[in-house]
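This report refers to the structure that appears directly beneath it.
We did not get these values from a lab; they are worked out from the coordinates using the rules stated. Just so you know, these numbers come straight off a predicted model, no measurement behind them. All Cβ positions, glycine included, derive from the backbone under ideal geometry; neighbour counts span all protein chains shown.
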Amino acid sequence: MTIEIVRAKKSEKSVLRQLMELCNHDFSEHTGDDVDEHGFYGYTYLDHYWTDDARHPFFIMVDGRYAGFVLVNNHCKYISGDNIHSVAEFFVLRKYRKKGVGRQAAKMIFDKFDGLWEVKILYTNVPALSFWSKVIDEYSGGRHTFHSMPAAGWDGLGYTFNSNTRVH
């Protein structure tokens with residue numbers, strides 16, 4: 001199985017939009033969100049990923065097929081300063097879950113951007129908390145900070161670490 005992280009082109013925005021709908025459907029059990037009058041969840045900032053230099057859209061590909069996506073930005077809640085990155089959205093299609101795809105994709109995205117990273121998790125998303133705890137601990141060699149309290153504008157948990165000190 002070949003796993004790749006590929007930057008999403010503007011011409012592929014409709015693919016990312018569709019995958020985002022699947023993500024939002026799965027995530028609605030944690031947020032309580034409903035679809036709109038047209039049957040969509042939507043994502044307010046999707047277009048910004050092609051107009052804002054601080055936002056980066058990526059597909060997760062497995063053997064050349066779409067397997068999910070990662071959206072990265074610098075809109076952090078627990079850290080500030082230069083060279084900061086946040087996993088804004090992370091989604092792996094159910095078919096590829098529990099096969100190491102998400103773990104490898106997360107590490108690959110961390111390697112793409114040196115500096116401080118933040119990953120935020122909703123309190124109610126227990127599977128995500130377990131996933132990120134293992135991945136970040138493995139990636140950082142235990143050199144991370146777990147934020148068990150909400151931050152300004154964020155009512156959840158978070159991890160912060162430095163990708164420059166990655167354990168190889």
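A compact table of results
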{"item": "Mean Cα-pair separation over length for the chain, i.e. relative contact order, pairs under 8 Å, 6 or more apart, %", "result": "19 percent"}
{"item": "Prolate/oblate/rounded call for the stretch 32-116, Cα gyration tensor, a/c under 1.5 rounded", "result": "oblate"}
{"item": "Cα-based Rg and Dmax for the chain, where Dmax is the largest Cα-Cα distance (Å)", "result": "15.3, 48"}
{"item": "Cleavage-rule hits, chymotrypsin sites (Phe, Trp or Tyr not before Pro), the stretch 79-128, DSSP coil, Cβ neighbours within 10 Å at most 15", "result": "113, 123"}
{"item": "Mean Cβ count within 10 Å, highest first, over the residues of peptides 78-87, 31-40", "result": "78-87, 31-40"}
{"item": "Difference of contour (0.36 nm per residue) and Cα-Cα distance, residue 35 to residue 152", "result": "39.4 nm"}
{"item": "Table column - 3J(HN,Hα) (Hz), the stretch 28-36, Karplus curve with 6.51, -1.76, 1.60, x for Gly and Pro", "result": "4, 5, 9, 9, x, 5, 10, 6, 7"}
